[in-house]
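The values are calculated or read from the model by the stated rules, or taken from the named source; none is laboratory data. Fair warning: this is a prediction, and the values are worked out from it, not measured in the lab. Note: ideal-geometry Cβ built from the backbone for every residue, glycine included; neighbour counts use all protein chains shown.
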Amino acid sequence: MAKIIAVANQKGGVGKTTTAVNLAASLAAAEKKTILLDMDPQANACSGLGIDKTEVILTVYDVLLGESNIAEVMLPTELKYLSVIPSNTNLIGAEIELIGRPEREKQLKYALETIRDEFDYIIVDCPPSLGLLTVNSLSAADSVLVPLQCEFYAMEGLGQLMQTIRIVQQDLNPKLQLGGILLTMFDGRNNLCHQVSDEIRTHFGKKVFNSIVPRNVRLSEAPSYGQPALMYDIASRGAQAYIELAKEIVTGGAI
Ligand code: ADP
Ligand code: MG
């Protein structure tokens with residue numbers, strides 16, 4: 001049965017989408033049957049895999065509103081073991097349209113249950129908010145992976161995210177775990193980066209992944225070619241960091 005990992009942090013620009021795309025690709029490269037589920041109306045995860053969001057007809061929006069089933073909306077990718085559940089800007093409306101529906105926080109969970117047995121991993125790229133789309137993702141997930149950018153304000157807002165995780169654990173999904181904190185955009189020449197990473201390790205201990213994602217230009221270039229980093233430049237430090245992260249996850253590290 002697939003392990004469902006939500007990549008979440010309500011801050012924008014911390015590396016959620018880069019992590020979701022490259023972790024999913026690395027798991028697929030290790031022949032794990034993987035789905036990348038795009039829960040962000042901006043659909044950056046889709047474009048990062050070369051899917052043109054203007055051409056996508058059915059998306060996770062149709063699934064959340066019960067108008068399509070997951071199998072209908074899933075798309076293949078260039079990687080044999082990787083499928084995508086796309087999103088587009090329609091998804092902005094879902095937050096409002098789900099209001100008033102019974103169990104509106106659990107629609108994604110119920111939809112994923114229908115296909116869970118056929119996959120090894122489902123990686124969910126969450127939007128930069130703690131609204132209903134993120135709550136649906138957390139309700140469906142086994143664990144949350146929190147990317148943290150190594151910068152001065154890294155920990156800011158983390159309390160709010162942890163509080164949201166606790167509320168979801170209490171009310172919606174008791175088995176949800178904090179899978180791990182992932183340090184992203186790490187620059188070894190920058191003292192502040194080391195300070196932030198020390199502080200986070202002191203605070204979260206074993207919950208921090210050993211793998212650290214360096215600041216690496218290949219990771220920011222790859223999406224413009226519609227490719228995960230391991231297809232664009234497998235030797236790059238960025239691609240290698242996500243391959244290491246996938247290994248850590250497969251062997252039971254942090255998560
Ligand atoms: P989020 O999904 O949290 O908003 P993104 O993954 O889209 O964050 O990353 C924000 C920006 O930073 C993007 O332009 C992305 O290409 C770039 N980026 C992310 N991780 C790295 C990294 N490790 N090195 C260099 N650039 C990165
Ligand atoms: Mg994103």
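When the residues of region 134-172 are filtered to those that are among the charged types (D, E, K, R) and more than 18 Å from Met185 (Cβ to Cβ), the one that is farthest from the chain's Cα centre (by Cα) is Asp171.
Considering only residues of region 176-197 that are in a loop (DSSP other than H, G, I, E, B) and over 21 Å from the mean Cα position of the chain (by Cα), which is nearest to ligand 1 (Cβ to nearest atom)? Only one residue fits best here, namely Asp187.
To keep it simple, each residue is scored yes or no on (1) within 16 Å of ligand 2 (Cβ to nearest atom); (2) touching a residue at least 60 places away in the same chain (Cβ under 8 Å); (3) under 21 Å from Ile181 (Cα atoms).
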residue: Ala20; (1), (2), (3): yes, yes, yes
residue: Ala28; (1), (2), (3): no, no, no
residue: Gln42; (1), (2), (3): yes, yes, no
residue: Gly50; (1), (2), (3): no, yes, no
residue: Val63; (1), (2), (3): no, no, no
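Counting the residues of region 1-13 that are near ligand 2 (Cβ under 9 Å from one of its atoms) and buried (at least 24 other Cβ atoms within 10 Å of the Cβ) gives 1. Within region 198-216, the set of residues being of a type in the set (S, T, N, Q), under 22 Å from the mean Cα position of the chain (by Cα) and surrounded by fewer than 19 Cβ atoms within 10 Å (Cβ to Cβ) comprises Asn210 only. Within region 73-98, the set of residues being among the hydrophobic types (A, V, I, L, M, F, W, C) and in a loop (DSSP other than H, G, I, E, B) comprises Met74, Leu79, Leu98.
Just so you know, in region 119-168 the residues that are charged (D, E, K, R) and modelled with pLDDT under 95 include one that is surrounded by the most Cβ atoms within 10 Å (Cβ to Cβ), and it is Glu151. Those residues that are within 11 Å of ligand 1 (Cβ to nearest atom), of a type in the set (A, V, I, L, M, F, W, C) and surrounded by fewer than 19 Cβ atoms within 10 Å (Cβ to Cβ), I need them from region 217-255; list them, please. Of everything in region 217-255, just one residue is within 11 Å of ligand 1 (Cβ to nearest atom), of a type in the set (A, V, I, L, M, F, W, C) and surrounded by fewer than 19 Cβ atoms within 10 Å (Cβ to Cβ), namely Val217.
For Asp171, state whether it is surrounded by fewer than 18 Cβ atoms within 10 Å (Cβ to Cβ) and within 14 Å of ligand 1 (Cβ to nearest atom).
no
When you look at Val213, is it more than 14 Å from ligand 1 (Cβ to nearest atom) and either in contact (Cβ under 8 Å) with a residue 24 or more places away in the chain or in contact with a helix residue (DSSP H, G or I) (Cβ under 6 Å, 6 or more places away or on another chain) (or both), yes or no? No, not satisfied.
Between Ala8, Ala2, Ala30, Ala20, the distinction of being within 10 Å of Tyr81 (Cα to Cα) and at pLDDT 95 or above belongs to Ala30 only. Answer yes if at least one residue in region 55-64 is at pLDDT below 95 and among the aliphatic types (A, V, I, L, M), and no otherwise. Yes - at least one qualifying residue is present in region 55-64. Considering only residues of region 1-20 that are within 25 Å of Asn173 (Cα to Cα) and among the aliphatic types (A, V, I, L, M), which is farthest from ligand 1 (Cβ to nearest atom)? The qualifying residue farthest from ligand 1 (Cβ to nearest atom) is Met1. The residues on offer are Pro228, Pro223, Pro147, and the sole one that is touching a residue at least 60 places away in the same chain (Cβ under 8 Å), within 16 Å of ligand 2 (Cβ to nearest atom) and touching a Lys or Arg at 6+ places or on another chain (Cβ under 6 Å) is Pro147.
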